[in-house]
Amino acid sequence: MLTLIDEVFATRNDHDQIQVTSQDVKKLQQIHPQCLNEVSDENGPLIWLLVIPTTAELMHRFLANQISEKQLLNNTPTGVSYNALYLCSVTTLPEASGKGKTFQLCMQNITEIRKTNPLEFLFVWAFTKAGEALAKKIAHASHLKLLIK
């Protein structure tokens, strides 16, 4: 899974992207317990999901290239109500692809986050056409306004 993530997102070569260090995981858990999620089998993760609930102000700054992805995470306040959701990373191994499980996992996370947050926006930095298509499908199904970087 880590190899696939690095192939798609090249996070090792871009320190402005979230590296998912132990410090990042701690911050994500403070923001919302549903920021990180996965679907696994006996061999490990098949689908890995990273979302970041945040504010519309930070979303717009990120989309305008005023702050980096790492700064988006670090500047997102904790203990507040969020109206934007960053679909940061969705990675599906080939053997789990095309079965609808990735979409289901994303929708489950949105449902849980919405229990305490009035989400209005979904935003994404699309690295692949499949990622952009998934974001469009999620936005449509969840009735969120989609913004693409």
Self-check item: Identity of the residue in segment 87-107, part of a helix (DSSP H, G or I) and closer than 25 Å to Gln17 by Cα, that ends up modelled with the lowest pLDDT
Solution: Pro94
Self-check item: Some residue of segment 17-37 being among the polar types (S, T, N, Q), under 18 Å from Leu144 (Cα atoms) and loosely packed, with under 12 Cβ neighbours inside 10 Å
Solution: no
Quiz prompt | Filtered residue count, segment 119-145, keeping only those that are surrounded by 15 or more Cβ atoms within 10 Å (Cβ to Cβ) and either aromatic (Phe, Trp, Tyr) or not in a helix (DSSP H, G or I) (or both) | solution = 8
Exercise. Within segment 34-52, track down each residue that is free of Cβ contacts under 8 Å to residues at least 24 places away in the same chain and more than 23 Å from Leu73 (Cα to Cα).
Key: Ser40, Asp41, Glu42, Asn43
Self-check item: Every residue from segment 55-79 that is of a type in the set (Gly, Ala, Ser) and either in contact with a helix residue (DSSP H, G or I) (Cβ under 6 Å, 6 or more places away or on another chain) or outside any loop (DSSP other than H, G, I, E, B) (or both)
Solution: Ala56
Practice problem: Restricting attention to segment 108-118, report how many residues are touching a strand residue (DSSP E or B) at 6+ places or on another chain (Cβ under 8 Å) and part of a loop (DSSP other than H, G, I, E, B). | Solution: 1
Self-check item: Conditions (1) more than 28 Å from Val80 (Cβ to Cβ); (2) touching a strand residue (DSSP E or B) at 6+ places or on another chain (Cβ under 7 Å); (3) surrounded by fewer than 16 Cβ atoms within 10 Å (Cβ to Cβ); number of the one not met by Thr102
Solution: (3)
Quiz item: Condition test on Lys136, is it over 18 Å from Tyr82 (Cα atoms), among the basic types (Lys, Arg) and within 14 Å of the chain's Cα centre (by Cα)?
Solution: yes
Practice problem: Just name the residue that is surrounded by the fewest Cβ atoms within 10 Å (Cβ to Cβ) out of those in segment 53-87 that are without any contact (Cβ under 8 Å) to a residue 40 or more places away in the chain and aliphatic (A, V, I, L, M). | Solution: Ala64
Quiz item: If you scan segment 88-99, which residues turn out to be over 12 Å from the mean Cα position of the chain (by Cα), of a type in the set (A, V, I, L, M) and either within 21 Å of Asp24 (Cβ to Cβ) or buried (at least 21 other Cβ atoms within 10 Å of the Cβ) (or both)?
Solution: none
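The values are calculated or read from the model by the stated rules, or taken from the named source; none is laboratory data. Just so you know, these numbers come straight off a predicted model, no measurement behind them. Reconstructed Cβ throughout: ideal geometry from the backbone, glycine too, with neighbour counts over all protein chains shown.
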